[in-house]
Every structure is written in C-alpha cells, then in structure tokens.
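Q: Sending over a structure as structure tokens; questions will come in a sec.
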Amino acid sequence: MNDYLISVLLGIIEGLTEFLPISSTAHLRIAEALLHLDLQDTFWKMYSIVIQLGAILALPVYFREKIVKFISSFPRGERGDRTLLTHPLSLTLVAFVVTAIPSYLLKKQIGQNLESLTIMAWALLIGGVIMWIVDAICTRPRTAEMDDMSLPQAVWIGAAQILSAVFPGTSRSMSTIAAGQTSGLSRSAALEFSFFLSMPTMAVATGYDLLKTVMPHKQDASDAALAPLAMTAHHWVVLGIGFIVSFIVALGVVAWFIRWVRTRGFTPFAIYRIVAGVVLLVLIARGLI
C-alpha cells in the first residue's frame, strides 16, 4: 500500500482510538501488523509517536476555555473553596506524578509488553469486562463535577493509570474512567479528568519516546539501540499527513464522546473491547497475525 494511504489510515485509527476506552496502542499495533510494517524501522517508530502528539494537541484546543478558567482561578478555584493541593490543576499534576514514577521504573517491562499482541488481546478482553461491571454498578456518584474532586480520588486514578502503561491494550482512558467511577465520580467527571490527565501523561511519554528515537545516543543502556534517523522529503510529507489527520479526527472524537457519555454509558465500548479481544486471540491462535 502507498505510504501516503498508510499514513491516512493510521492517522484515522490513532485519532479514533486515542481517547476512546478501547486502546489506541492495541489498534495501532494490530493495524501495523496487518500492513506488515517494519516496526524496527526508526521512521515508523517515530511516526507512531508523532501521530500521538497530533491527537494530544486536540485536547488543549478543545478545552482551551476551561484551561484558561482553571489557570485564572488557581489556587482557590472559582468558588474559593479549593486549596493548593485540591485545585483541579494540582490534582491533575498529583495523578500524573503517581503514574509517572512507577511507569518510568517499569519502562523495560513496558517495552517488552508492547511487543506482545497476546498481552494486548487479554488486556482488551479483561478490561472490557471490568469496564462493563464498573459502569453497571457505579450508578450513584458522590462527585458530579471534576471541579469538586478530592486528593484521594486523584491519587487512586493516577495509580490505576499505571495498569495501562504496563499492560498495553488496557487503555489509559479505560483505566482512568473506571477508576474515577469507582472512586465516586460521575461518568462525565471521570471522563473529563481522564482527558485532563492525559495531557501531561501523553505529552511527557511521547516526548520521551520521541527523544529516544531521534537522538539514539541519548538512550539508557536498557533501551534497544536505534539506527540514526535520516529524514527525506517523502518522510516529512508522510509524517505531516499522519499528524494532521490524527489531530482532526481526535478533535471530532473528543467532542462526540463527551456528548455521548452525558446521555449514555460506556457499555458499548466494553462490549467492543471484549469482542476485539476474543477476535485477536483467535487470529493469534490461528497464526493469522
């Protein structure tokens, strides 16, 4: 398949799946395997990182007004009842730190798991079951808005997000949304905090991966060696297409997903995860992927 068409396809997949609780990592890895892309090629490693950055950019664009409101009201909040530790921006940072430190220490294991489609299949399946159960049980939230979250809720959500890093296919969105619901957040509040937490989490994670890819001499001894990256005009066009497509699609998905969750639940996504996990396990067992 033409590289430009591959870029459009992968950009669409990234934009569609990054913020839905169905695991963008698993879907990209499956697509790359089906397209027979050389995942050891430095360019395609960098490409998968850059299109994630395109999706990330959709969040500050969509939430720009709320971000400005949070910054202007820091640290007391709009109602004057928040503190330095309980302001939404502080809670986002706390949850990020809770996730970041263990994830960094486990980065070797994370890298190994990223190579396993079997782990992703089981993570999709088990995560779908968990999400279905949580969404069915947690119907009486104590916290209706992200602005009213507590410090323990943020810590719990940050801890749960570690699962998505260690076990690709779990989905960062699924783990943070389910953790938010079990901690007493409403569906919309859990989803909104998941979006805000993803901004620093994804920006730092993808930035770190991008640095390792374009500057292999800066890698730790535990990281696999990468060949120096040599970009051509063709590469830049392919990269630009993927970045723009993932940004546009992700922006539309975020707007749609927020409206959906306010009136419906997460059950359809849980069912999709279960079906996708079973199908992937069957394909692996038959040696088709």
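The values are calculated or read from the model by the stated rules, or taken from the named source; none is laboratory data. Here the structure is a predicted model, which means the values were calculated and not measured. Ideal geometry is used to build each Cβ from the backbone, glycine not excepted, and the neighbour counts take in all protein chains shown.
Q: Can you name every residue in the stretch 1-36 that is farther than 22 Å from Phe167 by Cα and not charged (D, E, K, R)?
A: Correct list: Met1, Asn2, Tyr4, Leu5, Ile6, Ser7, Val8, Leu9, Gly11, Ile12, Leu35, His36.
Q: When you scan the stretch 25-58, how many residues do you find that are farther than 21 Å from Leu211 by Cα and of a type in the set (Gly, Ala, Ser)?
A: 4
Q: If you take the residues in the stretch 72-96 that are touching a Leu at 6+ places or on another chain (Cβ under 7 Å) and without any contact (Cβ under 8 Å) to a residue 24 or more places away in the chain, which one is surrounded by the most Cβ atoms within 10 Å (Cβ to Cβ)?
A: Of the stretch 72-96, the ones touching a Leu at 6+ places or on another chain (Cβ under 7 Å) are 74-75, 85-86, 90-92, 94-96.
Checking the rest, the ones that are also without any contact (Cβ under 8 Å) to a residue 24 or more places away in the chain come to 74-75, 90.
Working: Phe74: 14, Pro75: 12, Ser90: 18.
By that ranking, first place goes to Ser90.
Q: For the stretch 40-74, what are the residues that are farther than 19 Å from Gly252 by Cα, of a type in the set (A, V, I, L, M) and out of contact with any helix residue (DSSP H, G or I) (no Cβ under 6 Å at 6 or more places or on another chain)?
A: Residues satisfying the conditions are Val68, Ile71.
Q: Against the definition (crowded, with 18+ Cβ neighbours inside 10 Å and in contact with a strand residue (DSSP E or B) (Cβ under 7 Å, 6 or more places away or on another chain)), how does Met149 come out, yes or no?
A: In short, yes.
Q: Now for a separate question. Can you list residue pairs whose Cβ atoms sit under 6 Å apart, with the first residue in the stretch 259-279 being crowded, with 17+ Cβ neighbours inside 10 Å and the second being not in a helix (DSSP H, G or I)? Count only pairs 6 or more apart in sequence or on different chains.
A: Phe269/Pro21; Phe269/Ile22; Arg273/Ile22
Q: So, Thr86, is that one at pLDDT below 90, polar (S, T, N, Q) and over 30 Å from Ala230 (Cβ atoms) or not?
A: No: the conditions fail for Thr86.
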